[in-house]
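Worksheet for the structure shown next.
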Amino acid sequence: MADQSQKHPSHALTPGDLLRAFGQRTKKQFGQHFLVDPSILDEIVRCAGLKPGESVLEIGPGCGTLTLMMLQAGARVDSIEIDRDAVAFLQEALPQAWGFTLHPGDALKTDLAAIVSSRPGPWKAVANLPYNVGTEVTFRLFELRETIGSMTLMYQREVAQRMVAKAGEEDYGALSLMVELYADAEIVMSLPPGAFVPPPKVHSSVVNFEMLPKTRIEDHERRAFFERVVKSAFQARRKTLPNGLKALKLPKDQVVAAIESAGLSPKVRPERVGFDDFLKIADALRA
């Protein structure tokens, strides 16, 4: 489909051309919902702040509509694709001469570190993620925080809202705190089902993550215990914090004392407790 002799992506080739050539090969089991509108794709590229020559890791390119726009912006794109039909299509449609490298396989099983070590960083991750694995892929990418400087990723809207929520907001929970551990995150775009082909049954949002080179809790044991406390607390989010923390199997008076040491009432519910206060509670429980 593409002229393999070209060293730069042809701007005559459009996302619509790719979708038409791909045809009716969309597969539900891979969560494939493609973006075609150039203005939407351009906005995602703009939100990612892509500059010519930058390296991008993309998960689930599908028929390559977002990939094409990133290549046309001058980025070098490494894409991981599980669908064999899409792999065969992309190998023909988007030549390596354009700065495109395709890695067939499952992003949850692929050695992502090997890909991003193939050339100097910092890298960016930009993707319209398959919704069924979006959160799991995100946390795999967090492990590469010393190489990937920022991520601009599409999710189901409800998941995106939970990722960026702050204490006291309805969507705030364990996922919000786990994201905050690794990055500063904000929703930068929201899209209706009709923006995709085929349309999903849900609305979608793009989240931008500015990665922390180190996590907010660098000591491994301290971080692991913080995660235990947070996940325990939100198992019973509608109950008071001491009730949620029963899963830790610690004496109730010790739990109450730790909560009070953070300046909080034992009657507080977990959705009202921010990151710093959870860390104070976790540290007090470990002391």
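The values are calculated or read from the model by the stated rules, or taken from the named source; none is laboratory data. From a predicted model like this one, the values you see are computed outputs, not experimental measurements. Cβ coordinates were reconstructed from backbone atoms using ideal geometry, including for glycine residues, and neighbour counts include every protein chain displayed. We work out accessible area using only protein heavy atoms, side chains counted, and drop any ligands, DNA or RNA first. Shrake-Rupley method; radii C 1.70, N 1.55, O 1.52, S 1.80 Å.
Computed over protein heavy atoms with a 1.4 Å probe, the carbon and sulfur contribution to the accessible area of region 216-282 reaches 47%. Need the C-alpha centroid separation for region 213-254 versus region 98-175, integer Å. Answer, in whole Å: 24. Counting 0.36 nm for each residue step from ASP276 to LEU248 and taking away their Cα separation leaves a gain of 8.1 nm. If you take the beta carbon distance between ARG237 and GLU146 as r and set R0 to 35 Å, what does 1/(1 + (r/R0)^6) give as a FRET efficiency, to the nearest 0.05? Result of the calculation: an efficiency of 0.60.
Modelled label positions at HIS220 and VAL188, each set 7 Å beyond Cα in the direction of Cβ, lie 3.3 nm from each other.
When the helices of the chain are scored as -39500 (n - 2.57) per DSSP H run of n ≥ 4 and the total is divided over every residue, the value at 222 nm lands at -10500 deg cm²/dmol.
In the elastic network of the chain, a GNM with C-alpha springs shorter than 10 Å, the most mobile of LEU241, LEU108, LEU212 is LEU108. Among MET154, MET211, MET178, the largest mean-square fluctuation in a Gaussian network model of the chain, built with springs joining Cα atoms closer than 10 Å, belongs to MET178. For region 50-202, the relative contact order comes to 18 percent (Cα pairs under 8 Å, sequence separation of at least 6). Compared with the direct C-alpha span, the chain from HIS11 to SER118 gains 35.8 nm at full extension, assuming 0.36 nm per residue.
Protein heavy-atom surface of region 39-142, 1.4 angstrom probe: 51% of the accessible area is carbon and sulfur, with nucleic acids and ligands not counted. Legend: distances between Cα atoms for LYS201/LYS231; LYS51/LYS214; LYS109/LYS252; pairs beyond 32 Å are LYS109/LYS252. Surface exposure of region 34-163, expressed per residue as accessible area with a 1.4 Å probe, stands at 38 Å². Among the trypsin sites (Lys or Arg not before Pro) in region 84-137, those located in a DSSP loop and surrounded by at most 13 other Cβ atoms within 10 Å of their own Cβ are LYS109. Sequence-distant contacts, meaning Cα pairs under 8 Å at least 6 residues apart, place the relative contact order of the chain at 15 percent.
Loop-located trypsin sites (Lys or Arg not before Pro) across region 157-217 with a Cβ neighbour count of 10 or fewer within 10 Å are LYS201, LYS214, with loop assigned by DSSP. Once the GluC sites (Glu not before Pro) in DSSP loops with at most 11 neighbouring Cβ atoms within 10 Å are cut out of the chain, the longest remaining piece is 1-169. Stokes-Einstein, applied to the Kirkwood radius of the chain over Cα pairs at a viscosity of 0.890 mPa s and 25 °C, places its translational diffusion at 121 µm² s⁻¹.
Solvent-accessible area per residue in region 218-287 equals 56 Å², computed with a 1.4 angstrom probe and all protein chains kept. Our coupling estimate for region 182-198, obtained by passing each phi through the Karplus curve with A = 6.51, B = -1.76, C = 1.60 and θ = phi - 60°, is 10, 7, 9, 10, 8, 7, 10, 8, 9, 9, x, x, x, 6, 10, 10, x Hz, Gly and Pro reported as x. Mean-square fluctuations from a GNM of the chain, with a 10 angstrom spring cutoff on Cα atoms, peak among PRO251, PRO52, PRO61 at PRO251.
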